[in-house]
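As structure tokens, the structure follows; a few thoughts come after it.
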Amino acid sequence: MPDKNRYERLIEAIFFSHYSEGVAEFEFEREEIERHARKLRIKLPKNLGDVIYSFRYRVSLPDAVLARAPKGKTWVILPAGRSRYRFVATEAEPQVAPNNLLSVVKVPDSTPGVISMYALTDEQALLARLRYNRLLDIFSRVTCYSLQSHLRTTVPNVGQVETDEVYVGLDRRGAHYVFPVQAKGKKDKLSLVQVRQDIELCRHKFPNLLCRPVGAQFMQQDVIALFEFEDNAGEIRIASEKHYRLVPADELTAEDLEQYRKTETEES
């Protein structure tokens, strides 16, 4: 994370300006970043929101903050309205990481060469591969269409929410779906906080569609892991996980196709 020490000092200052022993929840405002930066004589980052974003989605909170969480819990930062956030001590949620023991399905790579050449980041490259190879269709068994990339909107009681890409879909029975997709490179972790926000976004913006939140992550050797999540009585759980490797068509063997045929027959 860029400017890790600076970010840590700012978030610690905000935390300890509100925290007192026994408190399990409190709110703060984004403008506090500027106030504490002046006190600590820290040069402000150009994007103030990146301080909060980093600790919500990229890296762990500083040890000094985590040490103040009640036993068996951890601190998370949740949105609390426009430019407002909330520290909450919550049950520690497991890290979402691909299961390396799962089998990998080969898929003929349909990504245009020019896209592969000029994709600038892991996230962009991953979203492009999902789109051009229709991996979401394959994974969900629903015909999916990209509705919008990097959807940023405001959700009541949540605040600003950003989703990497939103798909809508249609199945053979005529049911309509919405798939909010979070994409991560090899070094980042899928965040259940983001999944919760995606679910709230769908409830607000697409109340008549079936919401199926999806996480996508690059693994080693260009394998793409796809997760589908579900809200199970308030707890976010993994409903399905599959791994796909995009390969030249001539790398798919007759043995591969026979194995996939058998697997499909068994699952039908």
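Structure notes:
- Qualifying residue in the stretch 89-98 (condition: farther than 21 Å from T263 by Cα and of a type in the set (D, E, K, R)): yes
- P79 modelled with pLDDT of 90 or more, buried (at least 16 other Cβ atoms within 10 Å of the Cβ), of a type outside the set (S, T, N, Q) and outside the structural domain of P248 (by TED's automatic domain parsing): no
- Residues that are closer than 20 Å to N5 by Cα and touching a strand residue (DSSP E or B) at 6+ places or on another chain (Cβ under 6 Å), drawn from the stretch 67-86: W75, V76, I77
- Number of positions in the stretch 220-248 that are in a strand (DSSP E or B) and free of Cβ contacts under 8 Å to residues at least 40 places away in the same chain: 7
- Hits in the stretch 39-77 - residues which are aliphatic (A, V, I, L, M), more than 18 Å from the chain's Cα centre (by Cα) and not in a helix (DSSP H, G or I): I42, L44, L48, A67, A69
- Pairing residues of the stretch 51-63 that are over 18 Å from K186 (Cα atoms) with residues that are crowded, with 16+ Cβ neighbours inside 10 Å and of a type in the set (D, E), at Cβ distances under 8 Å and at least 6 apart in sequence or on separate chains, gives P62/E8; P62/E12.
- Screening A97, A13, A67 for residues that are surrounded by fewer than 13 Cβ atoms within 10 Å (Cβ to Cβ) and either assigned by TED's automatic domain parsing to the domain that holds N157 or in contact (Cβ under 8 Å) with a residue 12 or more places away in the chain (or both) leaves exactly one candidate, A97.
- Count - residues of the stretch 78-93 that are of a type in the set (A, V, I, L, M) and either over 18 Å from G49 (Cα atoms) or free of Cβ contacts under 8 Å to residues at least 40 places away in the same chain (or both): 3
The values are calculated or read from the model by the stated rules, or taken from the named source; none is laboratory data. Computed from a predicted structure; not experimentally measured. Note that each Cβ is placed from the backbone with ideal geometry, even for glycine, and that neighbours are counted across all protein chains shown.
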